[in-house]
Amino acid sequence: MKKFFLYILMIAASILLAGCAPMPECYDGVKKAKGLYEKLDSARVVMKDNETGKQLMDFRFFINKRDEMIFSFESLETGLAYSDGQQFFYKTVEQEGWSAITPGSEEYIYNIYNRKYRYPYARGGLFFLDGASVSSAGTVQDGGDTVVTYVYDSERLNENTAGNLDDVSAFSALTCIYRINPDGYITEFTEKGEVTDDNGSSRTVDITYFILEMNGINSIENPVDYVISE
């Protein structure tokens with residue numbers, strides 16, 4: 001693995017397969033919101049397991065004046081990561097100390113991020129969208145927000161996305177809920193369903209991403225005690 005800390009249940013590919021099928025209601029709004037997310041200078045993403053109520057992940061980033069992405073990542077299952085924009089540090093749950101990916105490392109170019117090459121959780125692909133595979137759609141207004149619910153057809157979804165998603169070989173069911181605020185940004189995104197992983201094991205997915213502090217972060221505490229040898 002050359003990229004570290006991609007959450008194993010993250011359905012992160014952005015599969016926009018329009019084809020000849022008509023797109024579901026509010027498709028353009030969801031697609032636009034994905035694009036707006038990629039223009040943010042900073043944000044915080046919190047992932048919650050809806051079955052247990054546990055917070056699974058906390059990711060924060062901002063882009064500095066040199067267009068470098070500074071970020072911190074904390075996962076309940078995988079560990080910690082931090083980048084100062086020039087070096088990448090990580091510590092798995094099994095490690096006591098930090099490891100570093102520096103300019104001399106083979107993996108360096110894959111793990112240093114900027115405004116154009118964004119960390120996966122800072123990309124629009126965080127919000128799964130495949131309009132051609134939606135079997136039913138619903139939209140409601142809630143406190144000024146637009147809440148869009150897409151129920152996906154698992155057979156069409158498997159035809160369109162097979163082999164394109166991390167650790168997902170097939171879907172048995174998938175429903176996605178997108179909460180879009182009056183400014184057009186997604187503030188909550190829920191994925192609920194059942195998937196089969198690359199090992200043939202079936203698992204339930206029921207997670208929500210909360211998008212917080214949009215364009216409101218201008219510093220991130222450095223948690224690293226790693227010292228690079230001269």
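The values are calculated or read from the model by the stated rules, or taken from the named source; none is laboratory data. If you're wondering where the values come from, they're calculated on a predicted model, not measured in any experiment. Here the Cβ is made from the backbone with ideal geometry for all residues, glycine too, and neighbour counts use every protein chain on show. We work out accessible area using only protein heavy atoms, side chains counted, and drop any ligands, DNA or RNA first. Shrake-Rupley method; radii C 1.70, N 1.55, O 1.52, S 1.80 Å.
Output the residue which, of all residues in region 173-230 that are in a loop (DSSP other than H, G, I, E, B), open to solvent by 50 Å² or more (accessible area, probe 1.4 Å) and among the hydrophobic types (A, V, I, L, M, F, W, C), is nearest to G144 (Cα to Cα).
From region 173-230, those in a loop (DSSP other than H, G, I, E, B) are 181-185, 197-201, 213-230; that's our starting set.
From what's left, open to solvent by 50 Å² or more (accessible area, probe 1.4 Å): 182-183, 185, 198-201, 213-216, 218-219, 221-223, 225-230.
Within this subset, residues satisfying the condition of being among the hydrophobic types (A, V, I, L, M, F, W, C) are 214, 227-228.
Values: M214: 18, V227: 49, I228: 50 Å.
Checked region 173-230; the qualifying residue nearest to G144 (Cα to Cα) is M214.
Here's the yes/no breakdown for (1) within 21 Å of I211 (Cβ to Cβ); (2) outside any strand (DSSP E or B); (3) under 18 Å from the mean Cα position of the chain (by Cα):
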site	(1), (2), (3)
M57	yes, no, yes
F62	yes, no, yes
I70	yes, no, yes
F73	yes, no, yes
E106	no, yes, no
Y110	no, yes, yes
G125	yes, yes, yes
S136	no, no, no
Q141	yes, no, no
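With the condition kept exactly as written, say whether any residue in region 77-84 is open to solvent by 60 Å² or more (accessible area, probe 1.4 Å), of a type outside the set (K, R) and in contact (Cβ under 8 Å) with a residue 12 or more places away in the chain. Step through it out loud before you land on a result.
Keep residues of region 77-84 that are open to solvent by 60 Å² or more (accessible area, probe 1.4 Å), which gives 77.
From what is left, the residues that are of a type outside the set (K, R) are 77.
Okay, now just the ones that are also in contact (Cβ under 8 Å) with a residue 12 or more places away in the chain, so 77.
Checked region 77-84: at least one residue is open to solvent by 60 Å² or more (accessible area, probe 1.4 Å), of a type outside the set (K, R) and in contact (Cβ under 8 Å) with a residue 12 or more places away in the chain.
Name the residues in region 89-103 that are small (G, A, S), farther than 11 Å from G79 by Cβ and part of a strand (DSSP E or B), would you? Lay out the reasoning, then the answer.
In the first step, residues of region 89-103 are kept if they are small (G, A, S); the result is 97, 99-100.
Checking the rest, the ones that are also farther than 11 Å from G79 by Cβ come to 97, 100.
Answer for region 89-103, where residues must be small (G, A, S), farther than 11 Å from G79 by Cβ and part of a strand (DSSP E or B): just A100.
Look through A170, A137 and report the one residue that is closer than 20 Å to I207 by Cα, of a type in the set (G, A, S) and at pLDDT 95 or above. Write out each step before concluding.
Working: A170 fails: at pLDDT 95 or above.
The match here is A137.
Test D67 against the criterion of being open to solvent by less than 80 Å² (accessible area, probe 1.4 Å), under 20 Å from E221 (Cα atoms), touching a Lys or Arg at 6+ places or on another chain (Cβ under 7 Å) and of a type outside the set (A, V, I, L, M), and give yes or no.
Working: open to solvent by less than 80 Å² (accessible area, probe 1.4 Å): yes; under 20 Å from E221 (Cα atoms): yes; touching a Lys or Arg at 6+ places or on another chain (Cβ under 7 Å): yes; of a type outside the set (A, V, I, L, M): yes.
Against the criterion (open to solvent by less than 80 Å² (accessible area, probe 1.4 Å), under 20 Å from E221 (Cα atoms), touching a Lys or Arg at 6+ places or on another chain (Cβ under 7 Å) and of a type outside the set (A, V, I, L, M)), D67 qualifies.
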